[in-house]
1. I'd like the accessible area for Met81, computed on protein heavy atoms only with a 1.4 Å probe and all protein chains in place. Round to 10 Å², please.
2. Out of the trypsin sites (Lys or Arg not before Pro) in segment 531-599, which ones are loop residues according to DSSP with at most 14 other C-beta atoms within 10 Å?
3. Just add up the charged neighbours of Leu314: K/R +1, D/E -1, any other residue whose Cβ is under 11 Å from the Cβ of Leu314.
4. At a probe size of 1.4 Å, how large is the accessible area of Thr603, to the nearest 10 Å²?
5. Report, to the nearest whole %, how much of the accessible area of segment 149-265 belongs to carbon and sulfur atoms, 1.4 Å probe, protein only.
6. Per residue, how big is the convex hull around the C-alpha atoms of segment 238-366? Give it to me in cubic angstrom, could you?
7. Please go through segment 549-639 and write out the GluC sites (Glu not before Pro) that DSSP classes as loop and that have at most 13 other C-beta atoms within 10 Å.
8. Can you flag which of Lys43/Lys605; Lys580/Lys605; Lys416/Lys591 are past 31 Å Cα-Cα?
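The values are calculated or read from the model by the stated rules, or taken from the named source; none is laboratory data. Worth saying up front: this structure is predicted, and the values here are computed from it rather than measured. All Cβ positions, glycine included, derive from the backbone under ideal geometry; neighbour counts span all protein chains shown. Protein only, heavy atoms only, side chains kept; ligands, DNA and RNA dropped before computing areas. Shrake-Rupley method; radii C 1.70, N 1.55, O 1.52, S 1.80 Å.
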Amino acid sequence: YVKAVDGAIVTLDRPLVYRHVAEELDPLLPTEHCQEHPELCLKTQVRAEVGLLTRNIQVRGSNFEDGSGMAGSEGFGAHLMHAEQAQYTYVEFHWMGQAFQMGRYPLHFHLTGLNPNAQVVGCSLHRTFNRGITVHGTHQATLKDNVLYNHLSHGYFIEDGNEHDNVFENNLGMMTHRSFAMLNSDQTPATFWIRNPSNYFRNNHAAGSAAFGFWFDTLSEAMHTLQRQFENNTAHSNGDTGVWVDLVDSRQDCRAPDTWTVSVPFRDSDAITAAVHENPPACGAAPRANIPFLSTTTWGNAEQGVTSFESGHLHFINHRSVSDGVGILVWGVQSDNWPDETNGWYGPTILNSVYHSVSQLTEVGFRTSCSIRLPWDDTLHVSGTQFIGQVAMGHFCPCHQGCNAEEGGYQHRTSKLGWHEGAGTAASHRVRWPWPMAAFFFDLDGTLTEDSQDCQAYGCYLHSGFEGQAAGMLSNQVEQAGDRGGVSLAQGVAAAPSRSGGYGDCSQPLVGLMSSKKLADERITASSYWRNRGDHGYGQMWRSRLDNQETTWCANTNDVNQYLQWDFEVLQVVRGVQTKGRANHHLHWVKTYRISYSPDGKTWKQLPEEFEGNWDQNTMHENGFMPIRAMAIRLHPVTWSHHICMRADLVGCFDTHNMTFTCLNRAYLNEDDEDCQDIERRYSGDLALMSSDFCQRHGAVAKHTALSANMACCVCGGGERRWAPQVEVDTTPAKPPPSPQDPKKILPGGTAYLPPEACHMVDGTGGIVCSRSV
């Protein structure tokens, strides 16, 4: 391929086989950012990786992949294990490592201890059968300027988790393949597999892994050690996630001891006991430390650019995401308090980052659904971040996995946001609410909600909207509706109270099965029926029920004008769809579809999403969406296998109109400034004691709080099973709202006594904005 090289210009002798994207993207950061930190305003680079594999000095193993060797010799290459110092510079390693053999890696520093003289610099490793370079029980080694290409299982491999102060700099790793005979984690391999954050990673690139580019698969004994450095690393084109961070919760001054050892004693030749750690760090009680991830670039990763799972005070600063499935997923945080400029951003933050949803990658199918997926916890602050281009769902998507309609109401904070090239418009919502009251936002300066004087000066709150409900509803009729359906937990009637903020158990089948019909057959209709035959649904729409094993409903024609319809006659809350294909024909099912609904039985509205359907005839596939109130639902097939045929059910609940929809009233539940989470912790989950004690004294207050309906203290208010104590309402004047600059005073759920007249609908956010200035 290479015909000539002239400086940075490489001339090829023929066209490339595959398409390669080369693009520079402007981060569109404000001028003041560029003046203070010019590095923030460098253009984001989307380019193919180029690595030189050939070297003058070569180490080659055997190549019997074609089966020409003796039985079992396939993938049985050379390996180099070092128990003392070793240095390799500009060496080519080919056909190295022994597949599925523990410890038989191409280059392996094995229990060498403190070893600053251990170096692998400028080397290439390609077509290796078992990892790339392994650092095992070794500290202060240097891996720099290396190329690792086309290898099986984890590539740059930190083995036990006690390894510390090793330097990984300017290395390239590509084409990391799965292995099903090593560690379980090798089934989802990482180009860089990291067990201890106390190492240095700078200017590395990971591309084309079957799963992860960089994976902090943190050892529990190492989770509190200080992270050394993760700066200017790039991960792209990976099958799952670019950078995955598990359980990194660094504590101040927590260093990995040089005397920390890990041993695995053998009982006999076949069985191994659990690993034994001697002198591990013990820092769990120390204050948390901020953990900077600086200038990480991710693009074209199938699932997420970055994922952070239950980690501590991570600072994602200048993260550049381009056409990742999700820019960044924060999947839970461990945090002490809210971060902001006044406390040195002490807490989890996303700062001065840029999320490009549209690029040349979009032309070949890379589409961003959400820029930032938010956690099931409080205390995350997103500041100085730019959103560029339209997304499929929303730029902020609250409440990821592990969070459901029975538990929500988490608060997130934002400031200094920027919206460009269609981001944040009605066609690309700033927030995608999974259900009402799933979360709420405190927008410190109006850059999430609206550019108004009140929001700029005092900040504004953003809550979800809901079809048919007035913005900012805090009315007697809503409270009374809730009271009429209330029961007392003290009487033992509702042992498992709802945390749904009004929906209760809203996961019931609305259509029903053949033996347990919830909706009559005649209330199920369709746009057409195959040749108007009864065995395809004409007059026999029981055939569309999920458990029917005979011929199912099939449309007369295959086009996007077909639909399946359910008429309830009364309002229902619908929050999901379950589908199957045709039971007695293996080639007929609906692959994608849309949903429309009628709130009054006359007018129709369509949800913006296109949902994934089935890939075979009998596997049930379920999609959820933000709950809607509807008298009728239509399912519109968009694509299908061979012919439009399907079975389906709807998921939801009967609409009691008991919606806890307020602009949120109180921040605290008693004079000790306790919020719902504090109360639940104090009662250790004993709902009966909580009901008889706290709710008798403070129930009238708790019923009107944000978190009482969504995240905690549901025993005192919120949901269909509201506790409605017959007590005198507390008329004590409310305390003045806490200052937004004091993170200790604005606790989760702090909503600053907002009256309904402070709230209104705002376009582009899909929700209700409540101003603090009233």
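1. 80
2. Passing sites in segment 531-599 are Arg533.
3. Summing Lys/Arg as +1 and Asp/Glu as -1 gives -1.
4. 70
5. Numbers: 1640 of 3450 Å².
Result for segment 149-265: 48 percent of the exposed heavy-atom area is carbon or sulfur.
6. Each residue corresponds to 152 Å³ of Cα convex hull volume.
7. Counting only loop positions with at most 13 other Cβ atoms within 10 Å, the GluC sites (Glu not before Pro) in segment 549-639 are Glu550.
8. Values: Lys43/Lys605 41 Å; Lys580/Lys605 24 Å; Lys416/Lys591 41 Å.
From the list (Lys43/Lys605; Lys580/Lys605; Lys416/Lys591), the Cα-Cα distance tops 31 Å for Lys43/Lys605; Lys416/Lys591.
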